[in-house]
Amino acid sequence: MKRFSPTAEGFRLMFRRPTVGLAEVSWRWSLGFEFTFLATVSSLEFLDTLPVTNGDIFLVKTRQPFLIAQAISHILRGSAPRAVLAALAICAAMAIAWTFVGSFGRAATLNSLLGAIRSRFSPDQPATPPRSRLRTLLGLNFLRIGTLFAAAVGCIGALLLAHLVSPDRDPSPGSAFAIFALVLLLISAAAVMLNWFLSLASMFACTVQADTFTALAEAVSLCRDRFGAVMAVSSWFGLAHLVAFFVASSAVGVPLGLAGLLPPAVVIGGVVLVTLLYFAIADFLYIGRLAAYLAIVEMPPMPEPVPLPPTPEAPPRVDQDELILSDVPMLPASLPS
């Protein structure tokens, strides 16, 4: 039987099925544009509520950093509650939108990828269009939102812990920063790992029609049973993502380096274009990695080797030191009596 490479299958589907990558880009970018629109409108409305006096305008026109800071401080005084409420409203709206739009978008991409992989591995079997369990995807996305919320609460707790280590009467900024950085690192690592497992578990909403917690259990079992294959796929696609990031970072430096020669609109447009291209490549790589994980799950098992027939026993070897008949000396003929 031909042996398949899950990583190669992921890259192959990423290039052979560009429509799946475009579908991933479309639903992700729709949420990104929605967030940008809400943030822009909310910021303009927030700025419109700020009281600006003639004295503040005079201090800003002086172009002195200290006086400008005083004017901004006076303008923003008492506006923190409104800013916090606006941020919470935007986050709640985006969380709800991402839960539903992400579930429908992931169901569409999973169905397409799984159908392509099954037709690749089993071309003789009749193709049945796979269907994802939408309730499972909604539950997994809800857990991902909960993970992000828990991480945000943990970051606030890290700040409070750092403040307890360095009180006002006995400040210790070095210890406070070290504790805050360590706790923040642990929280980030736990959030990233849990988010990765939740993302991996979404496959089993399509492959075995599992519910939310069964899909999580299947993801853990996959990592335990096929750890080498999962790590190989993650490493290769992570390396490709890292290369794309470095290339995009270098490309962004081109319009920034020509900032003194080009109009500001051209520079900003070049930076935005490179950033959008990087995001599109990252989405395509995510689709390829998801296809590789599906290939690990759907790959047919290798047949067990057929045992060889028993070899006949070799004839016993002759001992070279043992005397045989030809080695016995002839006895002399007996004399007549």
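The values are calculated or read from the model by the stated rules, or taken from the named source; none is laboratory data. Please read all numbers here as calculations on a predicted model, not as lab measurements. FYI the Cβ positions are ideal-geometry reconstructions off the backbone, even for glycines, and counts take in every protein chain you see.
The numbered conditions (1) β-branched (Val, Ile, Thr); (2) touching a Phe, Trp or Tyr at 6+ places or on another chain (Cβ under 7 Å); (3) more than 30 Å from PHE46 (Cβ to Cβ) are all true for VAL101 except (3). Would you confirm whether or not the range 100-109 contains a residue that is over 30 Å from ARG12 (Cβ atoms) and out of contact with any Gly (no Cβ under 7 Å at 6 or more places or on another chain)? Within the range 100-109, one or more residues are over 30 Å from ARG12 (Cβ atoms) and out of contact with any Gly (no Cβ under 7 Å at 6 or more places or on another chain).
Applying the set (1) out of contact with any Pro (no Cβ under 8 Å at 6 or more places or on another chain); (2) assigned to a helix (DSSP H, G or I); (3) within 27 Å of ALA108 (Cβ to Cβ) to ALA152 leaves exactly one unmet item: (3).
State whether one or more residues within the range 281-300 are of a type in the set (Phe, Trp, Tyr) and either loosely packed, with under 12 Cβ neighbours inside 10 Å or farther than 30 Å from PHE4 by Cβ (or both). No, the conditions are met nowhere in the range 281-300. The numbered conditions (1) over 21 Å from GLY288 (Cα atoms); (2) assigned to a helix (DSSP H, G or I) are all true for ARG169 except (2). Among the residues making up the range 1-31, those that are surrounded by 15 or more Cβ atoms within 10 Å (Cβ to Cβ), assigned to a helix (DSSP H, G or I) and of a type in the set (D, E, K, R) are GLU9, ARG12, GLU24, ARG28.
Counted as qualifying within the range 44-124 are the helices (runs of 4 or more DSSP H) with 2 or more residues that are among the polar types (S, T, N, Q) and surrounded by 12 or more Cβ atoms within 10 Å (Cβ to Cβ), namely 80-121.
Given the condition under 30 Å from PHE100 (Cβ atoms), touching an Asp or Glu at 6+ places or on another chain (Cβ under 6 Å) and assigned to a helix (DSSP H, G or I), answer yes or no: does some residue in the range 201-211 qualify? Checking the range 201-211: at least one residue is under 30 Å from PHE100 (Cβ atoms), touching an Asp or Glu at 6+ places or on another chain (Cβ under 6 Å) and assigned to a helix (DSSP H, G or I). Output yes when any residue across the range 159-180 is surrounded by 12 or more Cβ atoms within 10 Å (Cβ to Cβ), modelled with pLDDT of 90 or more and among the polar types (S, T, N, Q), and no when none is. No; the residues of the range 159-180 include none that is surrounded by 12 or more Cβ atoms within 10 Å (Cβ to Cβ), modelled with pLDDT of 90 or more and among the polar types (S, T, N, Q). Determine whether ALA205 is surrounded by fewer than 18 Cβ atoms within 10 Å (Cβ to Cβ) and either among the small types (Gly, Ala, Ser) or under 28 Å from GLU298 (Cβ atoms) (or both). Against the criterion (surrounded by fewer than 18 Cβ atoms within 10 Å (Cβ to Cβ) and either among the small types (Gly, Ala, Ser) or under 28 Å from GLU298 (Cβ atoms) (or both)), ALA205 does not qualify. Filtering the range 235-270 to residues that are under 30 Å from ALA205 (Cα atoms) and either part of a loop (DSSP other than H, G, I, E, B) or touching a Lys or Arg at 6+ places or on another chain (Cβ under 7 Å) (or both) leaves only PHE237. Output the residues belonging to the range 227-257 that are β-branched (Val, Ile, Thr) and either touching a residue at least 12 places away in the same chain (Cβ under 8 Å) or under 15 Å from LEU276 (Cα atoms) (or both). Once the filter is applied, which keeps residues that are β-branched (Val, Ile, Thr) and either touching a residue at least 12 places away in the same chain (Cβ under 8 Å) or under 15 Å from LEU276 (Cα atoms) (or both), the range 227-257 yields VAL230, VAL233, VAL247, VAL252, VAL254.
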